[in-house]
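Undergrad: Here it is, the structure in full.
The values are calculated or read from the model by the stated rules, or taken from the named source; none is laboratory data. None of the values given here were measured: they were computed from a predicted structure. In this analysis, Cβ positions are derived from the backbone assuming ideal geometry, glycine residues included, and neighbour counts consider all displayed protein chains. Calculation scope for accessible area: heavy atoms of the full protein, side chains included, ligands and nucleic acids excluded. Shrake-Rupley method; radii C 1.70, N 1.55, O 1.52, S 1.80 Å.
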Amino acid sequence: DKGSTGTGSNGGGGGKKLTLGFSQVGSESGWRTANTESVKSAAQEAGFTLKFSDAQQKQENQISAIRSFIAQKVDVIAFSPVVVTGWDAVLKEAKAKNIPVVLTDRSVETSDESLFVTLVGSDFTDEGRRAAKILEKVLEKAGHKGPVKIAQLEGTTGAAPAIERAKGFKEVMDAEHKDDWKIVVSQTGDFTRAGGKQVMSAFLQSNPDIDVLFAHNDDMGIGAIQAIEAAGKKPGKDILIVTVDGVKDGFVAMSEGKINAIVECNPLLGPQLMEVVQKVKNGEKVERWVKTEESDFLQEQAKDALPTRKY
Ligand code: GZL
């Protein structure tokens, strides 16, 4: 009987406090840090008991965290799956114990749609398309003529944002730039600054004539900037750079002319997530995909936008 009149701190209103188990990918990027902050503050705001685990980007850590949430009989489980595959078994265990699962940020590939209730997060394929579209503007502003040699810094191998951003970008390339754009080199930098720097310096060894870098997040772009400068080139000039996320350091780099455009991927999913979690707990219907609102930014907007950026 949930209507306990016990003396425990039941957040008033008589009902038991909702307990949410949250398994976070890690702390690999500025985006992730902002996302974690948003989840924690929104859970507090909602009056939920939050059990939070950081998986250091390892799937096995996420799986064991979910198992422990099941053992603790949390009311709802939410997580951002580090990669898209390998979740069916543990999600079946949650289903067997009638614990609803909500995906946030990244999605999973599964044959059994009933294994999660909804996804609260961005459309990464559209972010890839937007990156290609804004690159057209960047090339025009730079007065670039002729063929465009593109280096791509991919996100974590097997992660939804990496798969889908690459797919969306390629869709526009194939449709509108078959003859002039070419991805000459593409490799994962695992969404980290260190990864971006290391892989970009290797790119510059093998492909010194790169015109453009498309990085799947700001952090890899920022790492790449260090490699480009170490090679004596000007980021944002010799090599045009388009990234995804829109974290503060990305906007700073853009205001310094080192990143030419950013496709925003909003990490502040906390409030939407808690709203969905409450609805799921109440047994109310929720949409299968609660999409995040976000926009795109060119260099000239960076300075004005900086003061109001929330992450
Ligand atoms: C996107 C998120 C990605 C960010 C990266 O929603 O999953 O993971 O783009 C982060 O910065 O590491």
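Undergrad: When the residues of segment 113-127 are filtered to those that are without any contact (Cβ under 8 Å) to a residue 60 or more places away in the chain and either open to solvent by less than 40 Å² (accessible area, probe 1.4 Å) or basic (Lys, Arg) (or both), which remaining residue is farthest from residue 78 (Cα to Cα)? Write out each step before concluding.
TA: Narrowing segment 113-127 to residues without any contact (Cβ under 8 Å) to a residue 60 or more places away in the chain: 113-116, 125-126.
Among the residues that remain, those that are also either open to solvent by less than 40 Å² (accessible area, probe 1.4 Å) or basic (Lys, Arg) (or both) are: 115-116, 125.
Details: 115: 12, 116: 9, 125: 22 Å.
If we take residues in segment 113-127 being without any contact (Cβ under 8 Å) to a residue 60 or more places away in the chain and either open to solvent by less than 40 Å² (accessible area, probe 1.4 Å) or basic (Lys, Arg) (or both), then 125 is farthest from residue 78 (Cα to Cα).
Undergrad: Look through segment 1-39, keep the residues that are in a loop (DSSP other than H, G, I, E, B) and modelled with pLDDT of 95 or more, and return whichever of them is most open to solvent (accessible area, probe 1.4 Å).
TA: Within segment 1-39, the match that is most open to solvent (accessible area, probe 1.4 Å) is 27.
Undergrad: Whether any residue in segment 236-245 is more than 13 Å from the ligand (Cβ to nearest atom), within 29 Å of residue 46 (Cβ to Cβ) and open to solvent by less than 10 Å² (accessible area, probe 1.4 Å) is what I want to check.
TA: Within segment 236-245 (the criterion being more than 13 Å from the ligand (Cβ to nearest atom), within 29 Å of residue 46 (Cβ to Cβ) and open to solvent by less than 10 Å² (accessible area, probe 1.4 Å)), the answer is no, since none of the residues qualifies.
Undergrad: Now for a separate question. Looking only at segment 122-134, which residues are touching a strand residue (DSSP E or B) at 6+ places or on another chain (Cβ under 7 Å) and either at positive phi or more than 12 Å from the ligand (Cβ to nearest atom) (or both)?
TA: 130, 134, listed by residue number.
Undergrad: Looking only at segment 260-279, how many residues end up being away from the ligand (no atom under 11 Å from the Cβ), of a type in the set (D, E, K, R) and in contact with a helix residue (DSSP H, G or I) (Cβ under 9 Å, 6 or more places away or on another chain)?
TA: 1
Undergrad: Step by step: first the residues of segment 192-210, then only those that are more than 12 Å from residue 151 (Cβ to Cβ) and under 19 Å from the mean Cα position of the chain (by Cα), then the one that is least open to solvent (accessible area, probe 1.4 Å). Which residue is that?
TA: 195
Undergrad: Now for a separate question. For segment 169-191, name all the residues that are part of a loop (DSSP other than H, G, I, E, B), touching a residue at least 40 places away in the same chain (Cβ under 8 Å) and open to solvent by 30 Å² or more (accessible area, probe 1.4 Å). Spell out the reasoning first.
TA: First, the residues of segment 169-191 that are part of a loop (DSSP other than H, G, I, E, B): 177-180, 189-191.
Subset that is touching a residue at least 40 places away in the same chain (Cβ under 8 Å): 177, 190-191.
Of everything in segment 169-191, just one residue is part of a loop (DSSP other than H, G, I, E, B), touching a residue at least 40 places away in the same chain (Cβ under 8 Å) and open to solvent by 30 Å² or more (accessible area, probe 1.4 Å), namely 190.
Undergrad: While we're here: Any residue at all in segment 93-103 that is within 30 Å of residue 223 (Cα to Cα) and in contact with a strand residue (DSSP E or B) (Cβ under 7 Å, 6 or more places away or on another chain)?
TA: yes
Undergrad: Of all residues in segment 156-165 being touching a strand residue (DSSP E or B) at 6+ places or on another chain (Cβ under 7 Å) and assigned to a loop (DSSP other than H, G, I, E, B), which is nearest to the ligand (Cβ to nearest atom)?
TA: 156
Undergrad: Here's a follow-up. Across segment 64-97, what is the number of residues that are open to solvent by 10 Å² or more (accessible area, probe 1.4 Å), in contact with a Gly (Cβ under 8 Å, 6 or more places away or on another chain) and under 19 Å from residue 109 (Cα atoms)?
TA: Total satisfying the criteria: 3.
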